[in-house]
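The values are calculated or read from the model by the stated rules, or taken from the named source; none is laboratory data. The structure displayed is predicted, hence computed values, not measured ones. Cβ coordinates were reconstructed from backbone atoms using ideal geometry, including for glycine residues, and neighbour counts include every protein chain displayed. Note: accessible area is taken over every heavy atom of the protein model, side chains too, but ligands, DNA and RNA are not part of it. Shrake-Rupley method; radii C 1.70, N 1.55, O 1.52, S 1.80 Å.
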Amino acid sequence: MQIKSNVLDRQFYMYQSEYEDAALRVLRSGWYVLGNEVKQFEEEFASYTGRKYCVGLNSGLDALTMSVRALGIGRGDEVIVQANTYIATVLGVTENGATPVFVEPDEYFNIDADKIEAAITNRTKAIMIVHLYGQAGNMKKAVETAQKYNLPIIEDCAQSHGACFNGKMTGAFGISGCFSFYPTKNLGAFGDAGAIVTDDEEFADKIRMMRNYGSKVRYYNEIEGVNSRLDELQAALLRVKLSHIDELNDERKRLAQNYNAGIKNSKLKLPQIREGADSVFHQYVVLCENREEFQAFLEKHGIQTQIHYPVPPHLAECYKHLGHKKGDFPITESYADRVVSLPIYTGMTEAEQDYVIDKINMF
Ligand SMILES: *Cc1c(COP(=O)(O)O)cnc(C)c1O
């Protein structure tokens, strides 16, 4: 059997006619960028996350970069961010000329919230929290620390659509919840898309202006903006998927439970769930000491796995100039050496998953 780590068309065929109707509605409408579909999606997604405002953008990276910029953070400023994240989180900081200050993760792969305080200096301007792999970070401690130092929280929710901490949606804790709708994400579009959610009207207005060349009224440019507009096609398709997001997330949770129950192999450490948090299992990540051997064994049986992520940002070629070296963040580096993401995608069949579990237990 051949098992890919992700199969994207499965979730299209689940709701095929709804997607096709939505796409045709846009194609026939004569309006293709920032229109009624975007407006409707923004209202629906704000309501889903429990926030007042949503602004649709081009990508998750734009959501992060523009949030940092809208807070006036730039050269000479520091932003705290977990060391074991995807490069985009850090680019959101450095694209503005600001400096990322890395903090080690906890046993749930989120920022170790107990270590945030020690990283705060008089240059710190924001704390970024990444709800990595679909599980909420320790928002109780993170929010306490942020309030104590009067710092804004920016949440990277690119992997956590629908994940909660103590019943509150990720994206609803900070000034800005940054989402990516890249096709592989839990709420994935059929192309690039992103958004921010917020309760702050002024912040939402600023992002809305910024996304369309810095103008509210066309050709009257109040701020130096960018082009980060969401198109009608993606918005219409996202509205369809959003109406099914709970089913889709429940399916991922069910697949994760099957892995939890079925995998019996002392060479692997299975993912843990934080008290008060639930995971929407964007990834199902296990730790394995002899990872290369494990991956090769599964590969031999036709099973694809992935590594999220092999090189932590502080050791990335592009961030050499930050001056970090191997050994600076040992927990992060040890995760980078041991993490393996097992195949998990909506539409994965029982037979496919049983096959994966069977082979994992043979390793
Ligand atoms: C995907 C992702 C992003 C970037 O989103 P894009 O839409 O690809 O720009 C940012 N942060 C994390 C954690 C991600 O997984």
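Using the basic label-point model (7 angstrom from Cα toward the beta carbon), what is the K216 to E293 distance in nanometres?
Each label point lies 7 Å from its Cα, and together they span 6.4 nm.
Please identify which residues in the stretch 78-114 have an amide N closer than 20 Å to a label point set 7 Å out from the Cα of Q304, following the Cα→Cβ vector.
Within reach of a label on Q304: no residues.
Over the stretch 9-242, calculate the relative contact order: mean separation of alpha carbon pairs under 8 Å at least 6 apart, over the residue count, as a percent.
Numbers: 504 pairs, mean separation 60.3, N = 234.
Across the stretch 9-242, relative contact order equals 26 percent.
Consider a paramagnetic label point 7 Å from the Cα of D199 along Cα→Cβ; state which residues of the stretch 163-177 have an amide N under 15 Å from it.
165, 167-177
For labels at N122 and Q40 in the simple 7 Å Cα→Cβ model, what's the distance in nm?
Distance between label points: 5.4 nm.
All other residues with a Cβ under 11 Å from the Cβ of S334 taken together, and with Lys, Arg as +1 and Asp, Glu as -1, what is their net charge?
Summing Lys/Arg as +1 and Asp/Glu as -1 gives -3.
Counting only protein heavy atoms and a 1.4 Å probe, tell me what percentage of the stretch 9-242's accessible area is made up of carbon and sulfur. Kindly include the intermediate steps, with their values, before the conclusion.
Working: 4520 of 9510 Å².
Heavy-atom surface of the stretch 9-242 belonging to carbon and sulfur, 1.4 Å probe: 48 percent.
Work out the FRET efficiency for K52 and N166 from their Cβ-Cβ distance, taking R0 = 22 Å, and round it to the nearest 0.05.
On the way: r = 20 Å, r/R0 = 0.92.
Efficiency, from the Cβ-Cβ distance: 0.60.
Using modelled amide H (1.01 Å from N, peptide plane; none on Pro or chain starts), what sits under 5 Å from the amide H of Q82, excluding residues fewer than 5 places away?
Those qualifying (amide H under 5 Å, at least 5 residues apart or on another chain) are V103, V130.
What number comes out for the charge environment of N58, summing +1 per Lys or Arg and -1 per Asp or Glu over other residues with Cβ under 13 Å away?
Once all neighbours under 13 Å are counted, the net charge is -1.
Can you work out the Karplus-derived ³J(HN,Hα) for every residue in the stretch 61-75? Use 6.51 cos²θ - 1.76 cosθ + 1.60 with θ = phi - 60°, whole Hz, and x for glycine or proline.
Those phi angles translate into 4, 4, 4, 5, 4, 6, 5, 4, 5, 5, 8, x, 8, x, 3 Hz.
So, for the chain, what is the accessible surface per residue at a probe of 1.4 Å, expressed in square angstrom? Please report the intermediate quantities before stating the final value.
On the way: 15860 Å² over 363 residues.
For the chain, the per-residue accessible area is 44 Å².
Based solely on its DSSP helices, what 222 nm [θ] is calculated for the chain when runs of n ≥ 4 H residues each add -39,500 (n - 2.57) and the sum is averaged over all residues, nearest 500 deg cm²/dmol? Please report the intermediate quantities before stating the final value.
On the way: 13 runs with 137 residues, N = 363.
The helix contribution divided over the chain gives -11500 deg cm²/dmol.
Which entries in the list K4/K269; K39/K185; K148/K325 go over 25 Å, if you measure between the two C-alpha atoms of each? Please list the in-between numbers first.
Details: K4/K269 22 Å; K39/K185 21 Å; K148/K325 31 Å.
Table pairs above 25 Å Cα-Cα are K148/K325.
Distance in nm between label sites at E144 and D9, each 7 Å beyond Cα in the beta-carbon direction?
Result for the modelled spin labels: 5.1 nm.
Which whole-Hz ³J(HN,Hα) couplings does the stretch 119-133 yield from phi under the Karplus relation 6.51 cos²θ - 1.76 cosθ + 1.60, θ = phi - 60°, glycine and proline marked x?
8, 7, 10, 6, 9, 5, 10, 6, 10, 9, 10, 10, 8, 5, 6
What length, rounded to one decimal in nm, is gained on full extension from E107 through to D250, with 0.36 nm per residue of separation minus their alpha-carbon distance? Intermediate values should be presented prior to the final figure.
Numbers: separation 143, 0.36 × 143 = 51.48 nm, distance 2.36 nm.
Once the chain is fully extended between E107 and D250, it gains 49.1 nm.
Ranked highest first by average number of other Cβ atoms within 10 Å, how do 192-200, 94-102 line up? Write down the numbers at each step before the final one.
Values: 192-200: 24.8, 94-102: 19.3.
Per-residue Cβ counts within 10 Å, averaged per peptide and sorted highest first, yield 192-200, 94-102.
Mind jotting down the distance between the C-alpha centroids of the stretch 247-293 and the stretch 90-106, whole Å?
Cα centres, the stretch 90-106 to the stretch 247-293: 27 Å.
Using Cα pairs under 8 angstrom and six or more residues apart, how large is the relative contact order of the stretch 245-362, in percent? Could you put the intermediate results ahead of the total?
Values: 122 pairs, mean separation 41.1, N = 118.
For the stretch 245-362, the relative contact order is 35 percent.
Taking H as built 1.01 Å from N, whose amide H comes closer than 5 Å to the amide H of A277, not counting residues under 5 places away?
N166
Sequence-distant or interchain residues sharing an amide H contact under 5 Å with T124, placed H: which?
E78
Would you work out what percent of the accessible area of the stretch 313-362, with all protein chains in place, is carbon or sulfur (probe 1.4 Å)? Mind dumping the intermediate values first?
On the way: 1230 of 2260 Å².
Carbon and sulfur: 54 percent of the exposed surface of the stretch 313-362.
Over the chain, with a Gaussian network built from C-alpha contacts below 10 Å, which listed residue (K320, K253, K267) shows the highest mean-square fluctuation?
Result for the chain, Cα springs under 10 Å: K320 fluctuates most.
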